Amino acid sequence: FSGHTCAKVNSGCDYVVEQLLPVSAWGKAYIVPPNPLQKAHDFVYVVAAQDGSISYHEGSAATTKNVEAGKGKVFKLRSNSPFYVTSSVEIQVVLFFTGSRGYYVWQDPFLLAIPPISSYCASYRFTGLNAYNYVLLVAKNSDTNAIAQQKGSDREWKEIPGTEYSWSMHSLSSSYSSWSSENERATFG
């Protein structure tokens, strides 16, 4: 587990925690879609299982860096900018949503282990509170038309520069929702 008892960056102090994945579940390619609700910045933490190199794209800029086993790299994400990283070795990627504050609504900070592209699935179920539930989806550009929500969706997809993937954000209208691919080979995250 990783976390903090009082994470306070862009909103009030809050407890954040996330269960980290075992190394056997790490991958070599990840996409962190932008969070349209974030007005400031978020952080992405990348940790490698072995010494190697990573190539990452933030927006349309690409860079390569060496990584050491067990030592984390921190990336400050610009508002509304996707982040794509590939590696020569297995890595784990964790997003720290730093919170957000508006006139009447505050969004609490959280940690989220990002799934590697290699573990994307053909269907998902989401359960949450009745208000303020959003889902960000990532799929190959060629598969976006095959992704459908249980009750239908407008499916507005935006391409991620430097990749063959797109992302889409959806507001969930109820506490339960499911998404699936009409084509079993079309996976998404």
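The values are calculated or read from the model by the stated rules, or taken from the named source; none is laboratory data. Just so we're clear, the structure is a prediction, and the values are computed from it rather than from any experiment. Heads up, the Cβs are rebuilt from the backbone with ideal geometry, glycines too, and the neighbour counts pull from every protein chain shown. Calculation scope for accessible area: heavy atoms of the full protein, side chains included, ligands and nucleic acids excluded. Shrake-Rupley method; radii C 1.70, N 1.55, O 1.52, S 1.80 Å.
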Show me the strands (runs of 3 or more DSSP E) found entirely inside segment 74-159 where at least 1 residues are touching a Gly at 6+ places or on another chain (Cβ under 8 Å) and modelled with pLDDT of 75 or more.
83-97, 110-114, 134-140
Does at least one position in segment 1-8 carry a residue that is in a loop (DSSP other than H, G, I, E, B), in contact (Cβ under 8 Å) with a residue 12 or more places away in the chain and closer than 30 Å to Lys140 by Cα?
no
Please tell me if Ile91 is out of contact with any helix residue (DSSP H, G or I) (no Cβ under 7 Å at 6 or more places or on another chain), in contact (Cβ under 8 Å) with a residue 60 or more places away in the chain, surrounded by 13 or more Cβ atoms within 10 Å (Cβ to Cβ) and under 22 Å from Leu136 (Cβ atoms).
yes
Mind checking which residues of segment 170-189 are under 18 Å from Ala146 (Cβ atoms), of a type outside the set (Gly, Ala, Ser) and open to solvent by 40 Å² or more (accessible area, probe 1.4 Å)?
Glu182, Asn183, Glu184, Arg185, Thr187
Read through the list (1) farther than 19 Å from Leu111 by Cα; (2) open to solvent by less than 40 Å² (accessible area, probe 1.4 Å); (3) assigned to a loop (DSSP other than H, G, I, E, B), then give the number of the only condition that Ile54 fails.
(3)
Subset of segment 80-101 [under 14 Å from Val9 (Cα atoms) and more than 12 Å from the chain's Cα centre (by Cα)]:
Thr98, Gly99, Ser100, Arg101
The condition of being touching a helix residue (DSSP H, G or I) at 6+ places or on another chain (Cβ under 9 Å), touching a residue at least 40 places away in the same chain (Cβ under 8 Å) and open to solvent by 50 Å² or more (accessible area, probe 1.4 Å) holds, among Lys28, Lys39, only for Lys28
Qualifying positions in segment 160-187 - modelled with pLDDT under 90 and in a strand (DSSP E or B):
Met169, His170, Ser171, Tyr176, Ser177, Ser178, Trp179, Ser180, Ser181
Which one is surrounded by the fewest Cβ atoms within 10 Å (Cβ to Cβ) among residues in segment 57-88 that are touching a residue at least 12 places away in the same chain (Cβ under 8 Å) and hydroxyl-bearing (Ser, Thr, Tyr)?
Ser60
Under the condition of being farther than 15 Å from Trp26 by Cα and not small (Gly, Ala, Ser), which residue from segment 51-66 is farthest from the chain's Cα centre (by Cα)?
Asn66
With respect to the numbered conditions (1) of a type in the set (D, E, K, R); (2) touching a Pro at 6+ places or on another chain (Cβ under 6 Å); (3) exposed (fewer than 13 other Cβ atoms within 10 Å of the Cβ), which one is the sole condition not fulfilled by Asp14?
(3)
For segment 12-28, indicate whether the set of residues that are in contact with a Cys (Cβ under 6 Å, 6 or more places away or on another chain) and closer than 20 Å to Phe110 by Cα is non-empty.
yes
